[in-house]
Amino acid sequence: MYARNDNARRIIAAAASVLPVTFELWSQVDSALADVPALGAVIARLDAELADTRMDRANLIAAMRATLAAYADGEPDPLYYLRDELDASQARSQGHRGAS
């Protein structure tokens, strides 16, 4: 996944060994490239969190619409749909915290 990053670090190591005068410069670039895998992991985690948040939002909107339709249809407990989704959302979020 990070093959280009690894290749760049190898090129920098070779350049630093050929031109020792520029070692400090190349060392700084190499240090910056060393951060790339950690940043990639953070981006992947944030992307997954965003997808979860979008799904939760879509589910809540669906529950709100179902609640309004149930009210319009005269169902005895139209808020059931919203309560059910809020309970499910809370259970999902507790499950995520437990996995961390």
The lone condition residue 67 fails out of (1) open to solvent by less than 60 Å² (accessible area, probe 1.4 Å); (2) at pLDDT below 95 is (2)
Per the filter on the range 38-87, residues in contact (Cβ under 8 Å) with a residue 24 or more places away in the chain and among the charged types (D, E, K, R) are 52, 56, 85
Taking the criterion of being open to solvent by 100 Å² or more (accessible area, probe 1.4 Å) and within 19 Å of residue 7 (Cα to Cα), would at least one residue in the range 29-50 satisfy it? yes
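Mind listing whichever residues of the range 75-93 are hydroxyl-bearing (Ser, Thr, Tyr) and open to solvent by 90 Å² or more (accessible area, probe 1.4 Å)? It would help to see each step written out before you state the result.
Going through the range 75-93, the residues hydroxyl-bearing (Ser, Thr, Tyr) turn out to be 80-81, 89, 93.
Across the range 75-93, the qualifying residue is only 80.
The values are calculated or read from the model by the stated rules, or taken from the named source; none is laboratory data. What you are looking at is a predicted structure, and each value in this text was computed from that prediction instead of being measured. Methodologically, a virtual Cβ is constructed for each residue, glycine included, from the backbone with ideal geometry; neighbour enumeration extends over all protein chains shown. Heads up: the accessible areas ignore ligands, DNA and RNA and are worked out on the full protein's heavy atoms, side chains in. Shrake-Rupley method; radii C 1.70, N 1.55, O 1.52, S 1.80 Å.
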